[in-house]
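Presented below is the structure to which this report refers.
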Amino acid sequence: MAKELVAFRNLETHFKTSAGTVKAVNDVSFSIREGETLCVVGESGCGKSVTAMSLMQLIESPPGKIVGGEIFFEGKDLLKLSKKEMSRLRGKEIAMIFQEPMSSLNPVFTIGKQITEPLLYHLNMTQKEAKARAIELITMVGIPRPDKIFHSYPHELSGGMRQRIMIAIALSCDPKLLIADEPTTALDVTIQAQILDLMRDIKTKRNTAIMMITHDLGVVAEMADFVVVMYAGKVIEEASVLELFREPRHPYTQGLLKAKPVINQRKERLYSIPGQVPNPVDLGENCHFHDRCEFCMEICKTKAPPLRAHIDGHKTACWLYEEEGKAQ
Amino acid sequence: MEQPSLNRTEQLQEQLKIVKAESPWRIAIRRFAKNRLALIGLIILFLMAIICAFGPFFSPYELNQTDIKNKNLAPNAQYWLGTDKLGRDVLLRVMLAGRISLTVGLVATAISVVIGATLGAVAGFYRRFADTIIMRIADIFLALPTLPILITLGAILSDLKIEPSKRIYFLMLIIGILGWVGLARLVRSQILTLREQEFMQATEALGLRDSRKIFRHLLPNTVPIIIVSATLGVAGAILTESALSFLGLGVVPPTPSWGNMINAANNLIDFRKRPWIWIPPGMCILVTVTAINLIGDGLRDALDPKMKSR
Amino acid sequence: MSQYIIRRLLQMIPTLIGISIIVFAISQLVPGDYITATQNPNLTAERIAQLRALYGLDLPPVQQYFVWAKNMLVGDLGQSLQHQMPVTEVINTYVWNSFIIAFFSFIFSWIIAAFVGVFSAQFQYSFFDKVVTLLVFLLMSLPSFFIGLLAIKYFALDMKLLPTGGMTTAGLNATGWAYIKDVGLHMFMPVVVMTTLSVGGLTRYFRTGMLEVIRQDYIRTARAKGLKERTVIFKHAFRNALLPAITLLGFELPGLFGGAMILERVFNWPGIGQIYLASLNLRDYPLMLGFTMFLAVLTLLGNLISDVLYGVADPRIRLK
């Protein structure tokens, strides 16, 4: 098994709102290995993006704050680094692309300027070297006529092109980890596929570890080596992609998989998980999924289930698989 | 399957209840009440208005009561803000001037609002010809150098030997007429978007008269921006009036206004040795206008968070 | 681009005609004319009639308007009655005095406003930000003449730090550096007061602009690239926040050349604003009308310039 690259240990990121404290990330632990693609899955608001932003340490503060836990990157605790040391890692060792390609590029600078910026800053290249490298990168992400694109402004490019540029910027310094926060959600389906192809390409050719955040199980099936399922700020299940699709254990994961349409299997209606995501403010100490769960037991309403490995590498946080739960 | 869908409706009903209980105005009031600076502004303005309105009734002096024996006194126990060169009580004059200045500011703005809202609504509602004409006129007014025009008009009022007591009405009118453009543009653009919405098709179906559509259905929706713009407009009108009066072209003696009281500073001795004559009215302008601006800003945040401030 | 400018210039014509009619009509409302305003008892009725004919004051108003408008088209604003020289020359003589104080205060207020606005936005809700917010409101509410008078009283009269007014010390025929120093001393207070008056609104403008920009996705991208916070704020965010501010740049034009009437009077600064106020007392119509039209043209040109600048600065709407 490859070396561990990133490890979240009991991460707690909270947001203070006028209604109360939101534990956006609540005691989250998992790790990403070198060269591995890990998908974090969950509904919007489950804390998957906040987990990634905590890793980048780009949480808006106030209202957000990392209040506990550790995030190790190559053995160093990122939360103990100074601002300067962290900013040296960002964009160089750990790069990130976002959901909204339309607004993620600065409208007043040329594409070239935005790609060369990290090269000049992190790798101390000269303008000339940086430009050559930028052209190379633009070609690599599959955009023709890189010279012309280099001098273009973001508004002259389509959404798919802009996401490619974002990927080019992210890859410019050869990062060890690429975080992709719903990179295809805002794009058309055909473009989505192209971007995913590009990312798979990167994965195989460069051996870059990818932390992919998505709510789309199709993307998970295509991309992931390993999957982490989050619900209301907590990891509720993690497993290799094959294992997870073969045998989802948490009722929520099962629901998610049931909710996905499968080609050639016409059903009367698609399954939807009943109820809504709980109000994130001041959640109690219980299983946050209990009021939507068809297997809900008494213990689920009063006590939070621990995340435990039952079979090799497949972890689940559900009382159904605990001795305590079975006792009832 | 039955169970969850029932839950959904219940939840929706629950949410609807919350929405119903909180009308937009109530939300606005709650937001405003949270804005500490705006509240301070409101209290200051309220106090200022109360003092100016009712203070004079408690004063032992009268407006144009001169008292040569007690002229140019520094502030003391008997004359809290001292007396001027004619022996008039400065405090009383400041309060009476406040009445005038506040009234001029309010009325002038009211005039601007009436003209601006009406023209803006008409332009936005009828579009085409009416819109072109009104917006062309707005362009002209916008490029018109306001201060020289006001000054010239002020001079005309002086030449026509209009009585000082009547003069303030002309003044309100002039300031009001020159200040409608900004609001007209805001209302117009709002109406242009509003009239495309569904509820206007409903009024179409009902066959309402145009005037009813405009004044009953469209304009009420622009009230938030009108309130904000009017509040800030009052602050501007008070500043304009004071500047004109300072130049001797606005409110003229013997009617006191904060601006013309500062005119005393044109006399070197009053200016240098008797600051109590001209500093209090100046501070009054500053405090009042600041208070109004704070309120206006608070209202803007409360009523329309999207509206950008300039 | 040049086509756009030409079109805009042509669009200015009807507006200018409208303004000229209003301005002329208002001036006609003023009772009396230059001859009566001079109150020269030595003038015989015959001489008065002669003078009126000379200045065209005996023509019916509509005719007077057309004469004036026709001359204006060829750049002739008429002869100032008081100064006995062409109005254009009067404006040209005094406008530069107005310009130097307006220019310095323009530079200072933009620099101060940009810095304070940016920091205030960057540390939103901090103590600094709160103080700035309150100060901004105070500054925006200052009556110009009052703050000018206060400054004169305390700094010039009481502390005797600075001259009370005017542009040069009377009787001092200094040249070279001594002259510049003398003018500089006289400029100091008007410039500071003018800056104080304009910096509030501008700071607010920059602050709101920055607040808007730092919430944008591309700022998050810039941070994710690992750039220094200073680079993120001053390069990525500020460039974008400047875009809307650039439109304000054009609106500054009338302020730069139009003279600050009230402040120039308070500080007895020999600028065009003060000359205008004086021309009013003497019913010097050609000067009054000419100067008002001069201001209107500046305003319209300013609007045009801000549109063009915006087009140049924002790549998204760069004018072809």
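No value in this document is a laboratory result; all are computed from the given coordinates. Owing to the predicted nature of the structure, the values given are computational and were not obtained by experimental measurement. Heads up, the Cβs are rebuilt from the backbone with ideal geometry, glycines too, and the neighbour counts pull from every protein chain shown.
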Checklist outcome for this item: Residues of the stretch B:275-304 being within 11 Å of chain C (Cβ to nearest Cβ), under 14 Å from the mean Cα position of the chain (by Cα) and of a type in the set (A, V, I, L, M, F, W, C), in sequence order, are B:ILE285, B:VAL289, B:ALA291, B:ILE292, B:LEU294, B:ILE295
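With the requirement that a residue be of a type in the set (A, V, I, L, M, F, W, C) and more than 13 Å from chain B (Cβ to nearest Cβ), what does the stretch C:188-216 give you? Can you show your working first?
Taking the stretch C:188-216 and keeping what is of a type in the set (A, V, I, L, M, F, W, C), we get C:188-189, C:191-194, C:197, C:199, C:202, C:206, C:210-211, C:213-214.
Selection gives C:PHE188, C:MET189, C:VAL191, C:VAL192, C:VAL193, C:MET194, C:VAL199, C:ILE214.
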Item to check | Count of residues meeting criterion [outside any loop (DSSP other than H, G, I, E, B), surrounded by fewer than 17 Cβ atoms within 10 Å (Cβ to Cβ) and not basic (Lys, Arg)] in the stretch A:15-37 | outcome: 5
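Considering only helices (runs of 4 or more DSSP H) fully contained in the stretch C:155-266, which possess at least 1 residues that are among the polar types (S, T, N, Q), in contact with a Leu (Cβ under 9 Å, 6 or more places away or on another chain) and in contact (Cβ under 8 Å) with a residue 40 or more places away in the chain?
Details: elements: C:176-214, C:217-224, C:238-257, C:261-266.
Where helices (runs of 4 or more DSSP H) fall fully within the stretch C:155-266 and carry at least 1 residues being among the polar types (S, T, N, Q), in contact with a Leu (Cβ under 9 Å, 6 or more places away or on another chain) and in contact (Cβ under 8 Å) with a residue 40 or more places away in the chain, they are C:176-214, C:238-257.
For the stretch B:127-145: of the residues being in contact (Cβ under 8 Å) with a residue 40 or more places away in the chain and in a helix (DSSP H, G or I), which is nearest to the other protein chains (Cβ to nearest Cβ)? Talk me through it step by step, then tell me what you get.
Here is the first cut: in the stretch B:127-145, the ones in contact (Cβ under 8 Å) with a residue 40 or more places away in the chain are B:127, B:131, B:134-135, B:138, B:141.
Pick out the ones that are also in a helix (DSSP H, G or I) and you get B:131, B:134-135, B:138, B:141.
Working: B:ASP131: 15, B:ILE134: 13, B:MET135: 11, B:ALA138: 10, B:PHE141: 9 Å.
Going through the qualifying residues, I end up with B:PHE141.
With the requirement that a residue be hydrophobic (A, V, I, L, M, F, W, C) and not in a helix (DSSP H, G or I), what does the stretch C:41-99 give you? Steps first, answer last, please.
Step one: list which residues in the stretch C:41-99 are hydrophobic (A, V, I, L, M, F, W, C), which gives C:43, C:45, C:48-49, C:51, C:53-54, C:57, C:59, C:62, C:66-69, C:72-74, C:77, C:81, C:85, C:87, C:90-91, C:95-96, C:99.
Within the stretch C:41-99, C:LEU43, C:LEU57, C:LEU59, C:VAL74, C:LEU77, C:LEU81, C:MET85 meet the criteria.
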Checklist entry - Quick one: what pairs do we get from the stretch C:283-296, first residue at positive phi, second of a type in the set (D, E, K, R), C-beta under 7 Å, 6+ apart or different chains? => result C:ARG283/C:ASP33
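Which of the residues that make up the stretch B:42-65 are in a loop (DSSP other than H, G, I, E, B) and surrounded by 14 or more Cβ atoms within 10 Å (Cβ to Cβ)?
Taking the stretch B:42-65 and keeping what is in a loop (DSSP other than H, G, I, E, B), we get B:59-65.
Passing the criteria: B:SER59, B:TYR61, B:LEU63.
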Next on the checklist: Would you confirm, using the coordinates I've provided, whether B:SER211 is within 12 Å of chain C (Cβ to nearest Cβ) and polar (S, T, N, Q)?
Outcome noted: no
Checklist entry - Within the bounds of the stretch B:267-290, is there any residue that is closer than 20 Å to B:GLY182 by Cβ and surrounded by 24 or more Cβ atoms within 10 Å (Cβ to Cβ)? => result yes
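Just give me the residues in the stretch C:61-100 being aliphatic (A, V, I, L, M), within 23 Å of the chain's Cα centre (by Cα) and more than 25 Å from C:VAL183 (Cα to Cα), in sequence order.
Taking the stretch C:61-100 first, the residues aliphatic (A, V, I, L, M) are C:62, C:67, C:69, C:72-74, C:77, C:81, C:85, C:87, C:90-91, C:95, C:100.
Now narrow it down to the ones that are within 23 Å of the chain's Cα centre (by Cα): C:72, C:77, C:87, C:90-91, C:95, C:100.
Hits for the stretch C:61-100 are C:MET72, C:LEU77, C:VAL87.
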Checklist entry - Mind checking which residues of the stretch A:94-135 are of a type in the set (A, V, I, L, M), within 13 Å of chain C (Cβ to nearest Cβ) and in contact with a Gly (Cβ under 7 Å, 6 or more places away or on another chain)? => result A:MET102
Item to check | Matching helices (runs of 4 or more DSSP H) fully within the stretch B:198-285 where at least 2 residues are among the acidic types (Asp, Glu) | outcome: B:198-206
Checklist entry - Which of the residues belonging to the stretch B:256-274 are touching a Lys or Arg at 6+ places or on another chain (Cβ under 7 Å) and within 10 Å of chain C (Cβ to nearest Cβ)? => result B:PHE271, B:ARG272
Checklist entry - If you scan the stretch A:57-87, which residues turn out to be part of a helix (DSSP H, G or I), within 13 Å of chain C (Cβ to nearest Cβ) and loosely packed, with under 15 Cβ neighbours inside 10 Å? => result A:LYS83, A:LYS84, A:GLU85
